[in-house]
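I'd like to ask you about the structure that follows.
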Amino acid sequence: MIESSKFSSFAISIVQTLQENNFEAYLVGGCIRDALTGINPKDFDIATNATPEEVRRLFKASRIIGKRFKLVHVFNRSELIEVATFRAGKIKNNSSDSLIKDNNGKILRDNTWGTIQQDCHRRDFTVNALYYCPISEKIQDFHAGLKHINKKILVSIGDPQGRFEEDPVRALRAVRFSSKLEFKIDNKVKEAIYDKGHLLGDVSNARLFDEFCKIFLNGYAEKNFKKLDSFGLMQYLISSNHNHENFSKQVILEALINTDKRVKNNQSITPGFLMAALLWPVLMKTCSKNNELNIRKFFRSMDGILKDQHQLTAIPRKFQSYIKDIWVLQLKLESRLGKYPHKLVKHPRFRAAYDFLLIREAATNQKTHIGDWWTKFQKQNFDERDSAIAKLRSQRENESEKKFGFLGELI
């Protein structure tokens, strides 16, 4: 049923070492789920009844991480494997005395070490609660995960209403897994997403940035966006209001489609580029009036828009300057004044800005030809580039072209 040859030999060796020292140990979660659904497993997590301290003593190249939830990272030169101790995360009863909630209904509690039966119950969905021993090649399945994989349906372990109160991010994970696996979402899970989705507003921005990357940078961005949008969850990930403006939604969709293509073609991707594209409509709306762009307001608005987005999802500092560079270069890519195009093609963010220019053009029906101009310009020698700039200057003098006209249409 499962080909162990697809699994990391290093991860298997860790399982073997733990078992040789009289501990239970299994490969668990996503790697098993993916292997059973025809996806090449990538992330190899291990669950064991050995405590973090006991794991640490067995593996010299390891470290204990976390305070509230301790884990062990075991590593070699090329891999890092996460080893987690079985946790007793199940709540024994539903009385109010056993639950500690914040004012918004989110459950706050700690886990203690437990058995494999207790550990599997605390996991989110049945397809993620499969424990595989690569030595005996047997699967431990306590919640009909294999059955649900065969039926291609995503089912919660326990009542999803309560499970989403424990961790609202499970709503995002449900959408992400359904897209990746091409599974239907169980009706009870759908109801919980609608009922408990608002709790995402209390999740840390750092964690939501991590989820943002998982959702939109793994080849299923367009699918995930449409599903999240239908559930009303996009408001917790992006500050852009795309529901009432066709252009905003088109820019977002074109950016997501572009990202999916790059993942498929093994091209580089970065959350900074996608964030710049998704927030562009907000910037345009903030600094424009009657299709006229206020350049001063454009520059003044950038930091505020990033700050608003940072309230939802953290934006690492290295991406903030990257995003602003892409935005500013949109003005310069359109103006193409004097000798500046020669310098612009050497700018470290030129390629990203150029790619975004093509996305903007794809999102509007206006025929600007600016993208074509830059596509040709990159392939020309110095003299040909000079000639192209001179020809453009002559055209503008004859046509009295409206300054920043293209940007004005992208509002």
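If I filter region 148-158 for residues that are farther than 19 Å from residue 210 by Cα and at pLDDT below 95, do I get at least one hit? Steps first, answer last, please.
Going residue by residue through region 148-158, those that are farther than 19 Å from residue 210 by Cα are 148-158.
Now restrict to residues that are at pLDDT below 95: 158.
Yes.
Kindly establish whether residue 382 is buried (at least 17 other Cβ atoms within 10 Å of the Cβ), of a type outside the set (D, E, K, R) and out of contact with any Cys (no Cβ under 6 Å at 6 or more places or on another chain).
Numbers: buried (at least 17 other Cβ atoms within 10 Å of the Cβ): no; of a type outside the set (D, E, K, R): yes; out of contact with any Cys (no Cβ under 6 Å at 6 or more places or on another chain): yes.
Answer is no for this residue.
Considering 360, 317, which residue is loosely packed, with under 13 Cβ neighbours inside 10 Å and on the phi < 0 side of the Ramachandran plot? Spell out the reasoning first.
Numbers: 360 fails: loosely packed, with under 13 Cβ neighbours inside 10 Å.
From the options 360, 317, the qualifying one is 317.
Quickly run through region 20-36 and pick out the residues that are at pLDDT below 95 and over 18 Å from residue 137 (Cβ atoms).
If the condition is that a residue be at pLDDT below 95 and over 18 Å from residue 137 (Cβ atoms), then 30 is the only one that fits.
Next question, about the same structure. Out of all the residues in region 282-299, which are among the hydrophobic types (A, V, I, L, M, F, W, C) and surrounded by fewer than 17 Cβ atoms within 10 Å (Cβ to Cβ)?
Step one: filter region 282-299 for residues among the hydrophobic types (A, V, I, L, M, F, W, C), giving 282-284, 287, 293, 295, 298-299.
295, 299, listed by residue number.
Next up: Going by what's in this entry, would residue 233 be described as modelled with pLDDT of 95 or more and in contact with a Gly (Cβ under 6 Å, 6 or more places away or on another chain)?
On the way: modelled with pLDDT of 95 or more: yes; in contact with a Gly (Cβ under 6 Å, 6 or more places away or on another chain): yes.
The answer is yes for residue 233.
If you check residue 269 against the conditions, is it free of Cβ contacts under 8 Å to residues at least 60 places away in the same chain and not in a helix (DSSP H, G or I)?
Details: free of Cβ contacts under 8 Å to residues at least 60 places away in the same chain: yes; not in a helix (DSSP H, G or I): yes.
So residue 269 fits the description; yes.
Might you check whether a residue that is assigned to a helix (DSSP H, G or I) and free of Cβ contacts under 8 Å to residues at least 24 places away in the same chain occurs anywhere in region 165-182?
No.
The values are calculated or read from the model by the stated rules, or taken from the named source; none is laboratory data. What you see is a predicted model, and the numbers here were worked out from it, not measured in a lab. When we count neighbours, we look across all protein chains shown, and the Cβ atoms used for this are built from the backbone with ideal geometry, even at glycine.
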